[in-house]
């Protein structure tokens, strides 16, 4: 069984919503997050802490009639007094009847928790379910001690539930379940900070993948063991995520694969995906709406939208698209060893680039910090021809920067520390960042330590993980 780690803030939020529902009126929440990030496990952990019976139903893309039958079965098996017995007599006639029945069971003495997992699947077979839920909620459920949780992995659809004009508008609170943080993954794996951050670049924040990692195991031991297994979650999960998000959109998949291969700029993505401008733009917009791809601009006092770069937002999916997806046929033929050699040959370069968004996010969690001036945000800077690239730029505004507080360089090498040559290169590039000055702080981030640098600030893996822990 996977050890439950972290999520204390989310559990606290759910427990607070439960307490409010117990005191009435009821509470209706949408819980969204990427597939396999642990949404269902979080809800199960929360229900276990309350100690009250709950109806936990998981939609499964079956016919409307079958979904209602399964929902009735979930009620019958729930043990909720007064309604489980009714459901055991046979299928309920409609969703309205089933939800109305549940509303009769909720009281301050016996609050009700209702979970509808994979709610987007249910809307496919029962498009009217939002309206039915709104009707029953307004008439009865809201007046009871009921906590209703709608859980889903389709991020854009789940966000849309609370939009103006939708049946549940104005009724829904929302909880977003992110992947586990690097600090939480480090706690699960019980390995040193540099190795834990490297592991995060492979498995991301997915609890299911972290559960595969054996105590004290390094990345190469892990990959040597998992890659020869065609049905290992390491190989299977990425394909399932992509197929579920884009079951028939070939353009979006082509663009995602192009970005996953390492293309970052608009022109390179278009060439690799083989798409015309209009189709490319539509695919990029869809990928960003779904939260699969992020778009970044150079962060300086001279931001230019034409210099946008794109990246796969999730660390595991980025690794899967770069290495595992293109090698799936080999892995399925039992030649995971060939896939492993491909990873070994490109790992150093890949790691150096892939760790950048992780470092930026970790550093933002440090801010504000007296060592880093008045900065509140962290980005990167580059020119259109990529002749100038600066890994870290710290500023005080999210979009427009008047003053650059610091510039920095990330050196994520296995053994060579950040040294005087790296310092000299960073000092030279500082003058090329619009908004920077001779007084702009110089920051180094290194996996392997520092040697006679002269930097204003030195940051290593331990401090990054402390930032993710909030300590």
Of the listed residues (236, 242), the one being modelled with pLDDT under 95, closer than 22 Å to residue 118 by Cα, out of contact with any helix residue (DSSP H, G or I) (no Cβ under 8 Å at 6 or more places or on another chain) and surrounded by 15 or more Cβ atoms within 10 Å (Cβ to Cβ) is 236
Would you pick out the residues in segment 418-464 that are surrounded by 13 or more Cβ atoms within 10 Å (Cβ to Cβ), assigned to a helix (DSSP H, G or I) and touching a helix residue (DSSP H, G or I) at 6+ places or on another chain (Cβ under 6 Å)?
461, 464
Scanning segment 34-56 residue by residue, the ones that are closer than 17 Å to residue 120 by Cβ, buried (at least 22 other Cβ atoms within 10 Å of the Cβ) and either out of contact with any helix residue (DSSP H, G or I) (no Cβ under 8 Å at 6 or more places or on another chain) or at pLDDT 90 or above (or both) total 2
Only one of these is assigned by TED's automatic domain parsing to the domain that holds residue 119, in contact (Cβ under 8 Å) with a residue 12 or more places away in the chain and within 22 Å of residue 179 (Cβ to Cβ): 24, 13. Name it.
13
Quick check on segment 310-327. Is at least one of its residues over 23 Å from the mean Cα position of the chain (by Cα), part of a helix (DSSP H, G or I), at pLDDT 90 or above and not assigned by TED's automatic domain parsing to the domain that holds residue 375?
yes
If you take the residues in segment 155-186 that are outside any loop (DSSP other than H, G, I, E, B) and more than 14 Å from the chain's Cα centre (by Cα), which one is nearest to residue 117 (Cα to Cα)?
158
Might you let me know whether segment 109-116 holds any residue that is at pLDDT below 95, assigned by TED's automatic domain parsing to the domain that holds residue 51, touching a helix residue (DSSP H, G or I) at 6+ places or on another chain (Cβ under 8 Å) and part of a helix (DSSP H, G or I)?
no
Note on segment 199-217: residues outside any helix (DSSP H, G or I) and without any contact (Cβ under 8 Å) to a residue 24 or more places away in the chain are 212, 214
Are any residues in segment 346-389 buried (at least 16 other Cβ atoms within 10 Å of the Cβ) and part of a loop (DSSP other than H, G, I, E, B), and if so, which ones?
367, 373, 375
Could you list all residues from segment 225-246 that are over 27 Å from residue 282 (Cα atoms), in contact (Cβ under 8 Å) with a residue 12 or more places away in the chain and assigned to a helix (DSSP H, G or I)?
226, 233, 234, 235
The one condition residue 291 fails out of (1) in a loop (DSSP other than H, G, I, E, B); (2) touching a helix residue (DSSP H, G or I) at 6+ places or on another chain (Cβ under 6 Å); (3) within 22 Å of residue 345 (Cα to Cα) is (3)
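The values are calculated or read from the model by the stated rules, or taken from the named source; none is laboratory data. Quick caveat: nothing in here was measured; it's all calculated off a predicted structure. No Cβ is skipped: glycine too gets one built from the backbone with ideal geometry, and neighbour counts run over all protein chains shown.
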